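The values are calculated or read from the model by the stated rules, or taken from the named source; none is laboratory data. The structure displayed is predicted, hence computed values, not measured ones. Cβ placement follows ideal geometry from the backbone for every residue including glycine, while neighbour counts extend to all protein chains displayed. For the accessible areas, the whole protein counts, side chains as well, though only heavy atoms, and no ligand, DNA or RNA atoms are used. Shrake-Rupley method; radii C 1.70, N 1.55, O 1.52, S 1.80 Å.
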Amino acid sequence: MISRASFERDGFLVLPDFVSPEACDALRTRALEWVARGDPSEFSVFSAYLAGEAAATEYIHDSADKIRFFFEGDAFDAGGNLTRPKELALCKIGHALHDCDPVFDAFSRSRQFEHLAKSLGLRKPLLAQSMYLFKQPGIGAEIGCHQDASFIYTEPTSVVGLWTALEDATVDNGCMWALPGGHRSGLHSRFVRNGRSDEFVVLDPTPWPDVGFVPLPAKKGTVIVLHGLLPHASKANTSPHSRHAYTLHLIDGDLPYAADNWLQRPADNPFRGF
Ligand code: FE2
């Protein structure tokens, strides 16, 4: 049962057993098949994009309607060699698994997710972005506090994240942390295209509070729904266990999509709904 009232109060919902263990396993198997086929010399490093490197920026821009692979920042040694097998060194796959692969398409466009999107108030839900998140042991890095609307902005804000735990997510392996009610404090920044290197534009310089964040441990099959303005983060994986997850970002197609969002689909391959 979806509680719209608690979503609007807290900015998130935790829905245990929303997805079957078999569906989680199928997604994980499929992701690893994609990784096995991929050539790591063609992959990118996510932190290189955030650091403004031109090649990494081009690679990620081009991922809007493709399946592309992003290593963790610590994936390579000083000589440029992978420090572990490629499947244990990846940060994520993005950003159009839902449009490019039939298994991810069926998972992402389930009737359950469609019903969930509409019950949360998205009048014309569109699937904007998907990411397979690895958070591998010993290398899966912290994801700093952010609001998803900084990255996928409509006017007004409509983005909703559907984060599925494909394995048990715990405090030790890097589960989600969120600031209950923090979605009511407005958008703090936008991440926008700026030529060859994208950048943050600060809208509200107020720092995130040091206290109040709560961990959201999630058993395999749990879906965490995130309001686009909710401050959330995850810590580094300090455990011996991986924390695979799949996240899908939905927007309301009735609202204008910002032309300077980093994520831009080609005109002949726009966002699609369920
Ligand atoms: Fe996020």
query: Hey, among I2, I60, which residue is over 17 Å from W163 (Cα atoms) and among the β-branched types (V, I, T)?
result: I60
message: On the basis of being outside any loop (DSSP other than H, G, I, E, B) and either surrounded by fewer than 20 Cβ atoms within 10 Å (Cβ to Cβ) or not hydroxyl-bearing (S, T, Y) (or both), does L255 make the cut?
response: no
task: Give the residues of the range 145-159 that are within 11 Å of the ligand (Cβ to nearest atom) and open to solvent by 10 Å² or more (accessible area, probe 1.4 Å), sorted by residue number.
output: C145, H146, D148, F151
- prompt: In the range 181-197, what residues are in contact with a helix residue (DSSP H, G or I) (Cβ under 7 Å, 6 or more places away or on another chain) and more than 16 Å from the ligand (Cβ to nearest atom)?
  reply: G181, R196, S197
field: W163, sole failed condition from (1) over 25 Å from D25 (Cβ atoms); (2) within 11 Å of the ligand (Cβ to nearest atom); (3) aromatic (F, W, Y); (4) open to solvent by less than 20 Å² (accessible area, probe 1.4 Å)
entry: (1)
- prompt: If you scan the range 222-238, which residues turn out to be more than 10 Å from the ligand (Cβ to nearest atom) and either assigned to a loop (DSSP other than H, G, I, E, B) or open to solvent by 10 Å² or more (accessible area, probe 1.4 Å) (or both)?
  reply: T222, H227, L229, K235, A236, N237, T238
query: Can you tell me which residue in the range 115-144 is nearest to the ligand (Cβ to nearest atom), limited to those that are open to solvent by 60 Å² or more (accessible area, probe 1.4 Å) and of a type outside the set (A, V, I, L, M, F, W, C)?
result: E142
message: Please count how many residues of the range 188-205 are at pLDDT 95 or above, part of a loop (DSSP other than H, G, I, E, B) and not aliphatic (A, V, I, L, M).
response: 3
field: the range 166-206, residues that are over 25 Å from S6 (Cα atoms), open to solvent by 70 Å² or more (accessible area, probe 1.4 Å), more than 18 Å from the chain's Cα centre (by Cα) and not charged (D, E, K, R)
entry: N194, V202, L203, P205, T206
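Does at least one position in the range 97-111 carry a residue that is β-branched (V, I, T) and closer than 28 Å to D172 by Cα?
The first filter runs over the range 97-111 and keeps only residues β-branched (V, I, T), leaving 103.
Filter once more, keeping what is closer than 28 Å to D172 by Cα: none.
No, the range 97-111 contains no residue that is β-branched (V, I, T) and closer than 28 Å to D172 by Cα.
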